[in-house]
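The structure appears right after this line, and notes come after that.
The values are calculated or read from the model by the stated rules, or taken from the named source; none is laboratory data. All values derive from a computational prediction rather than experimental measurement. Don't worry about glycine lacking a Cβ; one is built from the backbone with ideal geometry, like all the others, and counts go over all protein chains shown.
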Amino acid sequence: MFSVNPDFNVLVIGSGHAGVEAAWAAAQMGCRVGICTPSKDAVAEMPCNPAVGGTAKGHLVREIDALGGLMGLAIDATGIQFKLLNRSRGPAVWSPRAQADKKRYAAWVRARLEEHPRIEWVLGKASTLRPELGCSAKQRHCWLCDLEAGETVSALAVIVTTGTFLNGLIHIGPETFPSGRYGEQASCRLAESIRNLGFKMGRLKTGTPPRLDRRSIDFDGAVRRGQFTLEPGDTEPVPLSFMTTVLDRPQVMCWQVHTTGPVHDIVRANIHRSPLFNGQIRGIGPRYCPSLEDKVVRFPHRERHHVYLEPEGTDVDEIYVNGFSMSLPRKVQEAIVHAMPGLEDAIMLRPAYAVEYDFVQPTELGPTLESKRARRLFLAGQINGTSGYEEAAALGLVAGVNAALSVMGREPFVLGRSDAYIGVLVDDLVTQGCLEPYRMFTSRAEHRLLLRIDNADLRLTPAGREVGLVCDDRWGRFADRRKRLHRNLASLRDGVVATGNGRMPAVKWLRQPGVRLSGMLDRGEISLEIDPGSSSHDIATAETIVKYHGYLKREQSDVVRSRQNETRAIPRGFPYERVPGLSREMVQRFGEIEPATLGQAGRIPGVTPAALAVVGAYLERFRHDATGVQRAAGEAGPESEHQPGPPGR
Ligand SMILES: Cc1cc2nc3c(=O)[nH]c(=O)nc-3n(C[C@H](O)[C@H](O)[C@H](O)COP(=O)(O)OP(=O)(O)OC[C@H]3O[C@@H](n4cnc5c(N)ncnc54)[C@H](O)[C@@H]3O)c2cc1C
């Protein structure tokens, strides 16, 4: 299928969480993939929190997994502590999270890429990207990527996933130095090359806490003295991948500790030395992930803040201090650490730091993450303005699938807001752009009850199979689970349950508040014909579908209603300036985003319902006129002077 000249069908620049999912997806779908990275040691690294999942992020991981991606499998294989968050709330917001053994996580992912027959490593730093026309008669378009060492590689499609490396600048108090992550070179030439392609870029900032030496902390003593509290994992760990049936590895302990008045005093006394507060840092940081300086200054009434001590692996000495990111000078950081209860003698292995970096405004991209400026150039991960491993991985998968589909000449793969959190993520980015690092929250999804962790496979595995990403093993297991679910739903629909007050239809019984199917089945308190192969996960899905039937139905009708606009495509090059009654401001907003559908057009910030209505009305007329023109052109033959209608997507 790919008998063309370039070195690769798809070249992925960067091997972080976005890069590895992009490379894996494109390779699984049959493409010859090159993965360009300065070193094989920089694969799927976790420069910050050694954890995967969490609220809304756990949803993303389940969705990546359901589509056939790597992240869920990787964390299940190497996780050291598992927790299901928000258990006391409804199933829409249950989110799995796992602490990673970060070295093993990276090694596991690297091994999967290394053993893939269609993935090849291109070791070096990419410095320039150039489109070349006419390199293959069949495809008539390819990309050339120059490496800093002088070599050039070519590919039909390129996916750039360089994270925080574009013009990365680290700050530790007054010290500043160019770096993408601590100890790794920034990418300045590639940043310039991307800017030269005309992309609109901005500057953001993120930060990470100090790492402490495990051997210098007396955890048991601090617990005995009441300075630390234990934070164990779940007794019945919930996996992040649908392929994992058991997680029986011993789990590590984490600890909680609190900041104190003396800690806050040190921060206040040194606030003028914080690059975040003295104007040294210009990039915008994530509001939802405040630094210690932010917490102390912005919430002066709070006497203490939670901090968690989390091991970065089972055989490493680094302890991650979650909630303690800062950019104060090293000596001040040490004083702060030593003022913390139980950390008086702790040795700081690495200081906290902040990093500023360039990103590309994601409004430069379409819903496939292909750039609107340059064909078959895709961007994914933190370069798009997001923050977080899971967001990066999700974007990497979308870009990898679409790059492969584009090379194969197949239809694009776009998930809607009612299909997946991944759909919400992409739509938010490409429609609204980023003013600050974007992180996924459950509140960003309007159809939360439909987008649960338990049904991510039911929502997405068929789509993953369709594009060629879901392997036979996963598909077989999925098909079995779907059969079990149908059987269980049928037996709930027809079943009757014996209660103290007589017999009751199972459906009615289950919809009562506080009634839980799983516990009662386990204890033999009810008898229903449940498929004997059912896992607790299968039971939970059936229970949720029955219990929340009314709410689910309502959300589904909302989706059907909104789908009208979501399926009304706006052709590329649509002449907004010709729409009668549309203000110049609206023409500009639509023109900047070039929405793919009327639904997306309605979500552009500042677009009024009136503007949307006139575009909708004109769209009909335009389509009608364009069809007429095309028909006339066809009838007139190839020499016709009539111009064809605007190219569709
Ligand atoms: C200091 C710091 C703190 C963070 N804090 C948080 C946090 O608290 N919470 C959170 O959710 N997220 C945090 N993040 C963000 C999280 O690490 C990223 O969002 C995520 O790793 C992004 O994945 P990515 O694949 O886009 O990029 P990365 O994981 O950064 O990977 C980029 C890859 O590109 C490669 N690369 C760069 N330039 C070139 C080039 N020219 N040629 C070839 N390869 C190149 C790099 O070697 C690397 O492999 C933090 C990141 C940093 C650096």
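Things to note:
- Of the residues G313, G342, the single one that is away from the ligand (no atom under 16 Å from the Cβ), under 30 Å from the mean Cα position of the chain (by Cα) and in contact (Cβ under 8 Å) with a residue 12 or more places away in the chain is G313.
- Residue that is near the ligand (Cβ under 9 Å from one of its atoms), over 19 Å from A456 (Cα atoms) and touching a helix residue (DSSP H, G or I) at 6+ places or on another chain (Cβ under 6 Å), where the choices are V10, V20: V20
- Residue match in the stretch 15-30 (condition: within 19 Å of L379 (Cα to Cα), part of a strand (DSSP E or B) and at pLDDT 95 or above): no
- Any hit, the stretch 117-134, residues being over 18 Å from V10 (Cα atoms), surrounded by 16 or more Cβ atoms within 10 Å (Cβ to Cβ) and within 24 Å of the chain's Cα centre (by Cα): no
- Among the residues of the stretch 74-91, those that are surrounded by fewer than 22 Cβ atoms within 10 Å (Cβ to Cβ) and either under 19 Å from the mean Cα position of the chain (by Cα) or within 15 Å of the ligand (Cβ to nearest atom) (or both) comprise L84, L85.
- Hits in the stretch 418-437 (condition: at pLDDT 95 or above and touching a His at 6+ places or on another chain (Cβ under 7 Å)): Y421
- Scanning the stretch 23-36 for residues that are within 12 Å of the ligand (Cβ to nearest atom) and of a type in the set (S, T, N, Q) yields nothing.
- Note on the stretch 268-291: residues that are touching a residue at least 60 places away in the same chain (Cβ under 8 Å), closer than 29 Å to G385 by Cα and surrounded by 13 or more Cβ atoms within 10 Å (Cβ to Cβ) total 12.
- Single match in D428, D473, D419 (criterion: in a helix (DSSP H, G or I), more than 25 Å from H116 (Cβ to Cβ) and of a type in the set (D, E)): D428
- Some residue of the stretch 151-174 being in contact with a strand residue (DSSP E or B) (Cβ under 8 Å, 6 or more places away or on another chain), small (G, A, S) and surrounded by fewer than 21 Cβ atoms within 10 Å (Cβ to Cβ): yes
- Neighbours by Cβ (under 6 Å, 6+ apart or cross-chain): first from the stretch 69-80, more than 17 Å from G400 (Cα to Cα); second of a type in the set (D, E) and assigned to a loop (DSSP other than H, G, I, E, B): T78/D101; I80/D101
- Qualifying residues in the stretch 58-73 (those that are away from the ligand (no atom under 12 Å from the Cβ) and aliphatic (A, V, I, L, M)) - the one farthest from the chain's Cα centre (by Cα): L73
- One residue from V332, V307 being in a strand (DSSP E or B) and either of a type in the set (D, E, K, R) or more than 12 Å from the ligand (Cβ to nearest atom) (or both): V307
- Of all residues making up the stretch 388-416, the number that are surrounded by fewer than 23 Cβ atoms within 10 Å (Cβ to Cβ) and either at pLDDT below 95 or of a type in the set (G, A, S) (or both): 3
- With respect to the stated conditions, E391 is within 8 Å of the ligand (Cβ to nearest atom) and of a type in the set (D, E, K, R).
- Filtered residues of the stretch 138-184 (kept if farther than 14 Å from P6 by Cβ, part of a loop (DSSP other than H, G, I, E, B) and away from the ligand (no atom under 13 Å from the Cβ)): G150, G173, P174
- If only residues of the stretch 185-222 that are under 20 Å from G313 (Cα atoms) and of a type in the set (S, T, Y) are counted, the one that is farthest from the ligand (Cβ to nearest atom) is S216.
- The residue list L451, L379 contains one member that is within 15 Å of the ligand (Cβ to nearest atom) and either hydrophobic (A, V, I, L, M, F, W, C) or within 27 Å of V360 (Cβ to Cβ) (or both), which is L379.
- Test result for V238, away from the ligand (no atom under 16 Å from the Cβ), without any contact (Cβ under 8 Å) to a residue 40 or more places away in the chain and either surrounded by fewer than 21 Cβ atoms within 10 Å (Cβ to Cβ) or not basic (K, R) (or both): no
- Of the helices (runs of 4 or more DSSP H) lying entirely inside the stretch 185-289, the ones with 3 or more residues being within 30 Å of L429 (Cα to Cα) are found at 188-196.
- Subset of the stretch 347-390 [in a helix (DSSP H, G or I) and either more than 13 Å from D427 (Cα to Cα) or in contact with a Gly (Cβ under 7 Å, 6 or more places away or on another chain) (or both)]: P362, T363, Q382, I383, Y389, E390
- Against the criterion of being within 16 Å of the ligand (Cβ to nearest atom), basic (K, R) and touching a Phe, Trp or Tyr at 6+ places or on another chain (Cβ under 7 Å), R444 does not qualify.
- Qualifying residue in the stretch 37-57 (condition: away from the ligand (no atom under 13 Å from the Cβ), outside any helix (DSSP H, G or I) and either under 22 Å from G180 (Cβ atoms) or modelled with pLDDT under 95 (or both)): no
- The condition (being surrounded by fewer than 19 Cβ atoms within 10 Å (Cβ to Cβ), of a type outside the set (A, V, I, L, M, F, W, C) and farther than 18 Å from V424 by Cα) is satisfied by just one residue among S536, S562: S536.
- Condition check for V267: within 14 Å of P209 (Cβ to Cβ) and more than 30 Å from the chain's Cα centre (by Cα): yes
- Condition check for A380: on the phi < 0 side of the Ramachandran plot and touching a Leu at 6+ places or on another chain (Cβ under 8 Å): yes
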